[in-house]
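The structure under discussion appears below in the form of C-alpha cells.
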Amino acid sequence: MVGENVTKEEIIERLNTLPEAIKNQEINILKIQDEINNLESSLNYAEARIKRRVMDETEDGKPKYTNETQRKMAIDLRTQDDGEHKNLRVQMANKTKEISEAKIGLESMQNKFKAARSMTLLFGNE
C-alpha cells in the first residue's frame with residue numbers, strides 16, 4: 001500500500017476481503033501444524049524402532065552395546081542411515097519452511113488490513 005495510489009473504494013474492498021483471506025491463512029497454518037505434529041510422531045516412532053533394534057542386538061548371547069556411549073553412537077549411525085527416518089526429516093524440513101512462509105504471509109495480510117483500516121480513518125476526516 002505504501003507508494004500506491006489507491007481509491008477509497010479499493011481500500012473498502014480490501015477491508016471486506018482481507019478478513020476472509022486472513023481466516024483462510026490461519027486455517028492453512030493450523031493444517032500445516034497438524035502435519036508437523038504427525039511427522040514428529042512418525043519420527044519419534046522411527047527413532048524408537050531403531051533404538052529397540054540396537055538394544056535387542058546381541059553378540060554371543062550378551063548385549064552387543066554394553067555402555068550408553070556405544071548404544072548412543074549405534075543409534076545415531078542407524079538413524080542417519082535409515083531411509084524412512086531420512087525421508088521424514090526431509091518432510092519435516094519442508095513443512096517447517098512452509099509454515100514459516102505461511103506465517104509471514106499471514107503477518108503481511110494482517111499489516112495490510114491494519115493499514116487499510118488506518119487509511120479509512122484518514123478518509124473519514126476529509
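Read-outs: derived from the displayed coordinates by stated rules, not from any lab. No experiment lies behind these values; they were computed from the predicted model shown. FYI the Cβ positions are ideal-geometry reconstructions off the backbone, even for glycines, and counts take in every protein chain you see.
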Whole-Hz ³J(HN,Hα) from phi, Karplus 6.51 cos²θ - 1.76 cosθ + 1.60, for region 15-22, glycine and proline x: 5, 7, 9, 5, x, 5, 5, 5
Report the label-to-label distance for Asp81 and Lys8 in nanometres (one decimal), using points 7 Å from each Cα along the Cα→Cβ vector. 7.3
Asserting the computed 222 nm helical MRE of the chain (DSSP H runs at least 4 long, -39500 (n - 2.57) per run, divided by residue count, to nearest 500) equals -30500 deg cm²/dmol
Estimated vicinal HN-Hα couplings, Hz - region 82-94 in sequence order (Karplus 6.51, -1.76, 1.60; Gly, Pro = x): 6, x, 4, 5, 4, 4, 5, 5, 5, 4, 5, 4, 5
Hey, which lysines would be in cross-link range of Lys64, C-alpha to C-alpha under 24 Å, not counting anything within fewer than 8 residues on its own chain? Lys51, Lys72
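Using Cα-Cα distances under 8 Å and only pairs 6 or more residues apart, what relative contact order does the chain have, in percent?
On the way: 72 pairs, mean separation 58.7, N = 126.
It rounds to 47 percent for the chain.
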For Cα Rg over 2.2 N^0.38 Å, pick the label among (i) 1.85; (ii) 1.48; (iii) 1.39 that corresponds to the value derived from the coordinates. (i)
